[in-house]
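Encoded as structure tokens, the structure appears first; notes follow it.
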2 protein chains.
Amino acid sequence: MRCEVLAVGTELLLGQVVDTNSAWIGEQLAIAGIDSHYQVKVGDNQSRIVACIRQALARSDAVICCGGLGPTQDDITREAIAEVLGVALDLDDEVAARIEQLFGSRGRNMALNNLRQAEVPRGATVIPQVRGTAPGLICRLGDRSVYAVPGVPHEMREMVMRAVIPDLVAQSGEVATILSRTLRTWGLAESTLAELLGDRMASLDKLGADGRPAPTIAFLASGIEGIKVRITAKAASAAEASGLVTAEEAAIRQLLGPAVFGADDQNMEAAVGSILRDRGLTVGVAESLTGGLLGSRLTAVPGASEWFRGSLVVYASEAKRKLLGVGDGPVVSEAAAIQMATGVASTLGADIGMALTGVAGPTEQDGQPVGVVWIAISGAMGEAGAPDVMTRKLQLGGDRDQIRQISTISALDLLRRRLLDG
Amino acid sequence: MRCEVLAVGTELLLGQVVDTNSAWIGEQLAIAGIDSHYQVKVGDNQSRIVACIRQALARSDAVICCGGLGPTQDDITREAIAEVLGVALDLDDEVAARIEQLFGSRGRNMALNNLRQAEVPRGATVIPQVRGTAPGLICRLGDRSVYAVPGVPHEMREMVMRAVIPDLVAQSGEVATILSRTLRTWGLAESTLAELLGDRMASLDKLGADGRPAPTIAFLASGIEGIKVRITAKAASAAEASGLVTAEEAAIRQLLGPAVFGADDQNMEAAVGSILRDRGLTVGVAESLTGGLLGSRLTAVPGASEWFRGSLVVYASEAKRKLLGVGDGPVVSEAAAIQMATGVASTLGADIGMALTGVAGPTEQDGQPVGVVWIAISGAMGEAGAPDVMTRKLQLGGDRDQIRQISTISALDLLRRRLLDG
């Protein structure tokens, strides 16, 4: 089964908008075991859209057209598909009624051209919208399929997952259900992950080659957000696929231990916040080189006020001394990091104090080279834990932005592991 | 003149990497007045890369192949281009010597396959690398051109600007030089910008239509970073184009006034930092709902320690009262914002205090609905300025992240305008 993606919109060609949709669709196709050999961007020009759809159907089994379903005269994906199918566009009364109702419920008058979104190539199946106004389409041309989904990412994603991928899988003649789960890791190199999971992956490969049910494992490097380990299982039923994924997840968590900080969309700050909330602990932060990044990541978690007390961004050395009682020695040092951590916990009345001091560049500071970072964590880590302090020194490469970002996620990860140990 | 972009790499189709390169190239082509009707992603498969290049040359004058020039067996763009041209690959001694020298200077042994990067289709012109190892290529097939550039963004960008765009312009037979400058604005809706610049744009259009030298103006909405106004001029010489752009920039700055905060890559925090540095002023920040975003943006500017004293992220209400002397009333209020601003300036010993307090959601706070934000700025704004305080209330829509981001850039812009007025 092969499926291409056609992203429609002149703004994509002009670089005014980066096409992230086709990358996302490509990932979903790969998870579903569907090959995608070509992905094309084309402008709002009917004859060129038609040519692209025809070519896609000539070399693949299906094409997903993304964008160009809106209400304006520029939105001509519907017309292009009708031309490829050789059919007329009909007004779909149900879709039209829903659009009119949406406008009515928002107390707005509807411009007549919004009804263009209710036009459907004769014979096509409508994918009802649940988030916006433009419905999606499923069209057949012989044994080939043309799908149309909106270009608005959250509308597109919902529709692709609900209707397009299941239809593609059904068309492929497979009765399998495919499920996937992503474990998120921090602190291990991809080569180390491969080593730790090597035996496991080899035995899964062998099972699969023998035609036995077995999930597959893939690594996805995600830059400063760590490396993702994706488990994908294909089975005759959803229950069976889910069982395979769950069992594999348990096995991998066993092998990787605390390097796994979350699953799917759970990021590092959400993982930290969830442990703090469960333990009823609060944290206060003192930041220097990160300038507020640590606080801003923690407060991006909804409900952070339950466990986050605040962050003192003590950029100037005098501020470190005055607000946090840092002594006269160098401010990029283990001693200063400890004083910052204990100082901020006391100043903000937090159970745990966390501090970061270091040199982001472009020039050295306190005789320390660019990339040297000290992290300190102070305070009781759990009901039974006695107050204590731990520190960690990093020596990072990269530019100013990378040093700040890696310092931030490293500090979050250190706190997470400390809490798990506590 | 029409030029397509072919992004090469299986990781792009699988969605492991989002192809931002072709959007960027598309923008440069548009600025240079070159049409780009199709942009294609293809995997690391020689016959499919060959098919894509052939198709591009059949319907356009040129194609820029991006990626697949590295040292591994997967990197086969060179082989595919040689196949299209019907020529062999030869080792280029100069390129090989440079690669060997690069490895030598880094004290690393070079694996032999790195020399694959020195293979050049016979008859092709090498675009020398200045940042990495893989050189670019310029190849002719009759009156058509095939370019190859690396997929690493900063290597690609340098090479496209230095060699590819100039060659395309030369091939187009135009002797014109094209120059562009982007003015960055904040605080005006696109419709207001269009109104303010409407007469100017109409008269430029008229000049252009009469064949007289005239720049063009385009708007690019850039989300929470404001709206960009791009001036592009085409002229017989670089000096003439530069004169047109400079004159137009002055005219637009006159019409838009302080809404223009920077040009090209200068962002809002850099604009603020530059004024503070020039005036010899320092700033301290008190943040609540933004949780450190304001501090982290300001400290992203290299040299921020000259004018940034620190940020107190007072997330808990008690911290606001204890550290900043905020009174007993509601913490989302004008009075609290003023107390935070004056308090932080005094605590951190800064000339200017800036404070943000508000409700980012998901739930209301202090009886204030989600999206209410108070900004306060205190302190002397210049040598002659007396100490004073100003406030601004925002009522923002959007989700938690949007409210935090818009609050942050709004506060930076308010400080910038206040400094300019001072």
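So the values come out like this:
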item	result
Subset of the stretch B:199-222 (residues that are among the hydroxyl-bearing types (Ser, Thr, Tyr) and in contact with a Lys or Arg (Cβ under 8 Å, 6 or more places away or on another chain))	B:SER222
Flag for B:SER22 being more than 30 Å from the chain's Cα centre (by Cα), in a helix (DSSP H, G or I), modelled with pLDDT of 90 or more and polar (S, T, N, Q)	no
Residue in the stretch A:153-175 that is farthest from A:ILE231 (Cα to Cα), counting only those that are in contact with a helix residue (DSSP H, G or I) (Cβ under 9 Å, 6 or more places away or on another chain) and surrounded by 18 or more Cβ atoms within 10 Å (Cβ to Cβ)	A:MET156
Checking B:ASP265 against (1) in a loop (DSSP other than H, G, I, E, B); (2) facing chain A (nearest Cβ under 7 Å), the condition it does not meet	(2)
Matching residues in the stretch A:40-49 - criterion: being at the interface with another protein chain (Cβ under 10 Å from one of its Cβ atoms) and either at pLDDT below 95 or assigned to a loop (DSSP other than H, G, I, E, B) (or both)	A:GLY43, A:ASN45
Residue match in the stretch B:180-192 (condition: of a type in the set (A, V, I, L, M), crowded, with 18+ Cβ neighbours inside 10 Å and in contact with a Ser or Thr (Cβ under 9 Å, 6 or more places away or on another chain))	no
Of residues in the stretch A:245-270 being surrounded by fewer than 21 Cβ atoms within 10 Å (Cβ to Cβ) and touching a Gly at 6+ places or on another chain (Cβ under 9 Å), the one farthest from A:LYS234 (Cα to Cα)	A:ALA270
Meets criteria (of a type in the set (D, E, K, R) and in a helix (DSSP H, G or I)) for B:ARG157	yes
Test: A:ARG230 is more than 23 Å from the chain's Cα centre (by Cα) and charged (D, E, K, R)	no
Selected residue (criterion: farthest from B:SER22 (Cα to Cα)) from residues of the stretch A:23-39 that are surrounded by fewer than 22 Cβ atoms within 10 Å (Cβ to Cβ) and at the interface with chain B (Cβ under 7 Å from one of its Cβ atoms)	A:ALA30
Total residues in the stretch B:1-17, condition at the interface with chain A (Cβ under 7 Å from one of its Cβ atoms) and either among the acidic types (Asp, Glu) or surrounded by fewer than 18 Cβ atoms within 10 Å (Cβ to Cβ) (or both)	0
Out of A:CYS52, A:CYS65, sole residue that is within 14 Å of chain B (Cβ to nearest Cβ) and in contact (Cβ under 8 Å) with a residue 24 or more places away in the chain	A:CYS52
Some residue of the stretch A:211-232 being touching a residue at least 40 places away in the same chain (Cβ under 8 Å), under 24 Å from A:ILE409 (Cα atoms) and among the hydroxyl-bearing types (Ser, Thr, Tyr)	no
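To keep it simple, each residue is scored yes or no on (1) out of contact with any helix residue (DSSP H, G or I) (no Cβ under 6 Å at 6 or more places or on another chain); (2) within 13 Å of chain A (Cβ to nearest Cβ); (3) without any contact (Cβ under 8 Å) to a residue 40 or more places away in the chain.
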position	(1), (2), (3)
B:ALA316	yes, yes, yes
B:LYS320	yes, yes, yes
B:ALA337	yes, no, no
B:SER346	yes, yes, yes
B:ALA355	no, no, no
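The values are calculated or read from the model by the stated rules, or taken from the named source; none is laboratory data. None of the values given here were measured: they were computed from a predicted structure. Glycine also receives a Cβ, built like all others from the backbone with ideal geometry; neighbour counts cover every protein chain displayed.
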